[in-house]
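I have placed the structure first, in the form of structure tokens, so that the comments after it can refer back to it.
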Amino acid sequence: MKVMTASVIISTYNGAKKISNILNAMLQQTDQSSEVLVVIDGSTDNTLEVVKSFVPKLPRLRIIAQENKGRAGVRNRGAEEATGDILIFYDDDMTPDIHSVSLHKYFHSNYTGIVSGNSIEPVTPDKTDIQNYKGYLTGRWTEKYIEGITQLNKSNFFFTAANCSFKKETFQSLEGFDKRLTDAEDHDLGYRALMDGIPVFFDKSNRAVHYDPITCASYIKRLRAYTRAHRKLAILYPERYSEFSGNRSSLMKRMVYRVFAFPFWVRWIDNGNVFQIIPRSLRYKFYDVVIQALAVEFTHIPV
């Protein structure tokens with residue numbers, strides 16, 4: 001039986017300050033047989049120089065620089081250049097566990113389908129409260145899954161390209177990431193696989209730490225971008241994504257949300273410990289409401 005080879009694909013845009021973390025993680029992997037491709041997507045900082053400094057330490061490192069083509073385009077380029085039977089994708093702000101590459105290879109040696117790993121955001125005292133809030137949300141989202149590999153279906157589907165893998169032939173059969181999409185391209189690719197009868201899995205044991213120094217304001221802006229991306233999916237593929245068509249909350253709910261749709265709430269969350277005296281459960285519910293109000297209900301209000 002042929003032993004499958006793997007290509008690790010790391011896409012980056014202006015990632016000079018964070019790319020070293022994942023490249024150092026590649027140096028620590030228990031599997032050292034896989035090539036590592038870093039695809040630089042039109043960066044204007046010194047990402048190239050930082051990546052080049054790892055060439056002596058990572059002999060199977062390949063560097064590809066291109067004009068900016070966005071998330072879908074940069075990942076597709078990596079897949080085109082890869083020589084491995086398995087394509088393993090990581091974002092440049094991830095720090096995979098030392099067994100991550102081995103776990104991706106194990107999956108494809110024992111399962112048919114595609115898999116996304118576990119992107120974790122540890123709650124630690126050195127982070128801001130809003131960063132720990134996001135880490136709490138991430139943990140709550142995945143706590144319902146058992147340790148190990150779980151097959152997903154329409155009711156519990158999710159898929160992230162921050163830590164995922166495909167057999168190359170499967171990726172090619174799906175025609176890669178849709179270049180028309182900017183933020184929901186990974187969700188779309190995973191969902192297309194599911195609809196085509198390709199099994200989709202989540203491996204909770206395959207962990208990678210997500211470095212994400214958000215503020216409340218930047219998080220709201222990101223969620224607004226996600227909402228726009230999902231609505232674009234509904235426009236492009238209405239038969240597939242009708243749930244993203246943009247149904248609004250009831251009038252009564254919107255009246256409540258309007259009270260919290262003021263930028264000063266965001267500034268107070270970001271600029272100190274005004275709310276630290278409130279118990280965490282109540283404080284986080286307050287964050288939920290402010291973020292829902294400004295990220296989904298009243299997106300025209302500047303933050």
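None of the figures in this text is laboratory data; all of them are computed from the coordinates on show. Remember, predicted model here, so these are calculated numbers, not experimental data. Using ideal geometry, Cβ is built from the backbone for each residue, glycine included, and neighbour counts are taken over all protein chains shown.
For the peptides 82-92, 201-211, 254-264, 41-51, the ranking by packing is 82-92, 201-211, 41-51, 254-264, with the highest mean count of neighbouring Cβ atoms within 10 Å listed first.
Quick one: which of LYS18/LYS253; LYS204/LYS232; LYS57/LYS204 span more than 32 angstrom between C-alpha atoms? Pairs exceeding the cut-off: LYS18/LYS253.
Projecting the Cα atoms of PRO199, ILE88, SER100 onto the charge dipole of segment 6-210, computed from C-beta unit charges around the Cα centre, puts SER100 farthest toward the positive end. Cross-link reach is defined here as a Cα-Cα straight distance under 17 Å, omitting same-chain residues fewer than 8 places apart; for LYS69 the lysines meeting it are LYS179. Thinking of the chain as a set of Cα atoms, what percent of all their pairs are more than 34 Å apart? Percentage above 34 Å: 24.
Length available on full extension from ALA162 to ARG254: 0.36 nm per residue minus the Cα-Cα distance, which gives 29.8 nm.
Magnitude of the charge dipole for segment 216-297, about its Cα centre and with charges confined to Cβ atoms of Lys, Arg (+1) and Asp, Glu (-1), is about 100 debye. Counted by neighbouring Cβ atoms within 10 Å, the residues SER100, SER281, SER119 run from fewest to most as SER281, SER119, SER100. Among the GluC sites (Glu not before Pro) within segment 107-182, those in coil by DSSP and having at most 15 neighbouring Cβ atoms inside 10 Å are GLU143, GLU147, GLU175.
Counting only other residues whose beta carbon sits under 13 Å from that of MET255, what net charge do I get with K and R as +1, D and E as -1? Kindly include the intermediate steps, with their values, before the conclusion.
Values: positive: ARG248, LYS253, ARG254, ARG258; negative: GLU297.
Local charge sum for MET255: +3.
Can you give the FRET efficiency for TYR237 and VAL55, using 1/(1 + (r/R0)^6), R0 = 45 Å, r = Cβ-Cβ distance, to the nearest 0.05?
Numbers: r = 42 Å, r/R0 = 0.93.
After rounding, the FRET efficiency stands at 0.60.
Summing charges over neighbours of VAL274, with a neighbour being any other residue whose Cβ is under 11 Å away from its Cβ, gives 0 when K and R count +1 and D and E count -1.
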